[in-house]
Each structure stands twice: as structure tokens, then as C-alpha cells.
């Protein structure tokens, strides 16, 4: 197909608002849309490919708002997908492992699915043993978002919106959610916004599994987390309420450590919330590096916490192509407020009230050293 025909095809797939830009801005070349299949409900799912001027390429689908792949150049400019995901839409429906997905209304766990606001008790679904996890049975990873490309010549983006109705999964209040993915050179920014008409807990995040080598496991990856404390958990992974110093423990990543170096000293592997160093606005949270390729990722966030999950429950039943995802083949670094915050008065509040605006930003910057 000739170049002009390709451009015509791509332009025909974009909304009018996206096309209302200067003719000198070649935005049609850095955002493309394609069909990804049909859900069991019959709804059509699309993938949007964002390409930055530095070679970064993100493929994001409107089902679950999930990052399907994120290709990052190495020192020679060769692209490697540094995330875990599936080739087929049906696998995203079949395997709920949250690959790349947006998580809400409340990311992480709420003890027994219960909380109270202003004296009123609420009961959520318990979909993780006795607890509520990642928004319940039909969390935001299981819904079809409304997607709109964001026109920009050098910073392509995708705006996703979802209306979460009062009572959905047991949560109070109608919540209007907007998440915008933007490629900015070597960085991927995720900006979250939400408003409600009734007080409700809100804790939004993204659940991408990373492997900066693009193969093998992540035990040799070196991790740095700027956190003086972590929140220990009980046997069901609910925080005890304590803030414990990481110094002198296997949880101390204030200096870079190989993930596998001390994982045997953490029963079940890492699946813990880190209390990030205090500060205002975007601040450094973590750095992940693959020593073999030299590829690294730095995370900056406005959030007070970071969940480090070392892929403990990957069991080989999930795969992409000829690559099987077994234990520790990927890891998650989820920026967030603390787990079970609605029941922990000493944790930063996650209650959003009418007239307030939930805002959160996380930026992942990639490079080679």
C-alpha cells in the first residue's frame, strides 16, 4: 500500500476533533488505530499505537485501558517489548492477571471488602480470599473505556474515560474517571482524574508487568525504591497498620539490589506496599535496571506509595507466542495510596468527596546506560 493510501486509511479512523490540528503537525503518523477483536459480549475492541520521536512505541487497548505492549529501544535503536501481555483478546478475558490494565475503583486490597464513610457501612465483593481486590469482580480492567486520541505533533496521547455508576461493585457514588496516556520522548506519562457525587474511596493505578530484558525472569534486575518504610501484611496480604523501617531487612531497596538476592528471605516473594519518601509533586519513586542489556526505567509519581510485586503467582498457564509466563518472568511497580486505606486511619486518606477532584500522575522514563 502506498504511503498516501496508508495516511488516508489512518485519518479515516480518527475522530474529527483529532483531525482539527495544523496541517504542519504530522500527527497521523504517531497515533494509529486497529481492531483487536470482539468481546464475548459482542463489543468491539480497538488498539491504539502511540509512537514517540525517540522510538518508544506503546500499544493500548480500550478494554481495561490496558498497555498491550511497550517497545523500548536499546543502545542500537532496536526495539524490545518490555511488558507482559497477550496476543489475543480472548486471553485477556480468560486470564485475569491484570496485564497492563487500569485498576479501580480501588487498587489493591480492602479487608473483608468492608469500610464505613460518615457512619454508613458498605460491603464490596470479596474476590481475593476474604478480601476485595482491584475493584472487585468487574473492576476497571474488565470494562470497555471510551478512547479518544489526543492530537499533538511530538507528544501523542490517548484519553480514556469511564463512568462508574453508583453501586457498581458496591461502591457509593457516580464516579467519572479520565486516564490519559502520553508519550513524551523517552517517557510514558499516565495522568488520572476523577470526580464523584458521593463520598467514595478512590485509588487508581496501572498494573503493567515489566521485564526490561524482554525474556527470561527478572531476578537479576536491579531495583531501587526511594522508601524508608514499608507496610507489613498479615497472611491474607492486608496491612497490619504498622509502618516498619526497611533498613536492615530484605525490603531495603534504597540502594540498588538484585531482586533475586534476598527474595528467599521473603515468604511468598515480594507483594508489599512501600511508603515513599515524602515530597511535593512528581518525585523519584523507583528505578529498575536490566544489567545485561543496560536498559532501565525510572518512575516518578505524585502518589505516596508503591506496590512492588515480583510476579509470584505467574504459573505458566499464560503465554504470548512461544514465551510462557512462569513465576518471576515479570514484576509490577504500582504507584498508589496504601492498601486497605479506608480502614486504616493512620494511612493517607483515599476518600474522594463531591466538589473535590482526584488527580494523580506517574511517569516512566526509559533509557540505556
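A short reminder: the numbers here are calculations on the coordinates, not readings from a lab. In this text the structure is predicted, and so the values were computed from the model without any measurement. When we count neighbours, we look across all protein chains shown, and the Cβ atoms used for this are built from the backbone with ideal geometry, even at glycine.
Sort the chain into rounded, prolate or oblate with this rule: let a ≥ b ≥ c be the square roots of the eigenvalues of the Cα gyration tensor; rounded if a/c is under 1.5, and if a/c is not under 1.5, prolate when a/b is larger than b/c, oblate otherwise. Here the chain falls in the oblate category. Label-to-label distance, residue 278 versus residue 87, with points set 7 angstrom from Cα along the beta-carbon direction: 5.1 nm.
Highest mobility in the GNM of the chain, judged by mean-square fluctuation with C-alpha springs under 10 Å and restricted to 256, 345, 201, is found for 345.
Taking 57, 289, 198 in turn, the Gaussian network model of the chain (Cα-Cα springs below 10 Å) assigns the largest fluctuation to 198. Each peptide in 358-368, 160-170 receives the mean, over its residues, of other Cβ atoms within 10 Å, and ordering these scores from highest gives 358-368, 160-170. Available extension along the chain between residue 317 and residue 79 is 83.1 nm, counting 0.36 nm per residue and deducting the alpha carbon span. If the segment from residue 197 to residue 163 were pulled out straight at 0.36 nm per residue, it would be longer than the present Cα-Cα gap by 11.0 nm. When peptides 63-70, 324-331 are sorted by average Cβ neighbour count within 10 Å, with the highest value leading, the order is 63-70, 324-331.
Note on residue 117 and residue 40: the extension gain reaches 24.1 nm, defined as 0.36 nm multiplied by sequence separation minus the Cα-Cα distance. Among 318, 292, 114, the largest mean-square fluctuation in a Gaussian network model of the chain (Cα springs under 10 Å) belongs to 292. What does the C-alpha gyration tensor say about the overall shape of segment 156-241? Classify as rounded when a/c is under 1.5, otherwise prolate if a/b is larger than b/c, or oblate. Oblate shape, in that a/c is at least 1.5 and b/c is the bigger or equal ratio.
Once the Cβ-Cβ distance of residue 265 and residue 95 is raised to the sixth power relative to R0 = 25 Å, the FRET efficiency obtained is 0.25. With the helix formula -39500 (n - 2.57) applied to DSSP H stretches of n ≥ 4, the chain reaches a computed 222 nm mean residue ellipticity of -1500 deg cm²/dmol.
All Cα-Cα distances of segment 306-362, cut into 5 Å bins from zero to the largest, leave 4, 15, 15, 16, 14, 11, 10, 9, 5, 1 percent in each bin in turn.
Rounded if a/c is under 1.5, else prolate if a/b beats b/c, else oblate: with a ≥ b ≥ c from the C-alpha gyration tensor eigenvalues square-rooted, which is segment 262-359? Judged from the Cα gyration tensor, segment 262-359 comes out prolate (a/c at least 1.5, a/b above b/c). The packing ranking, built from the mean of other Cβ atoms within 10 Å per residue, places the peptides 304-313, 131-140 in the order 131-140, 304-313, highest first.
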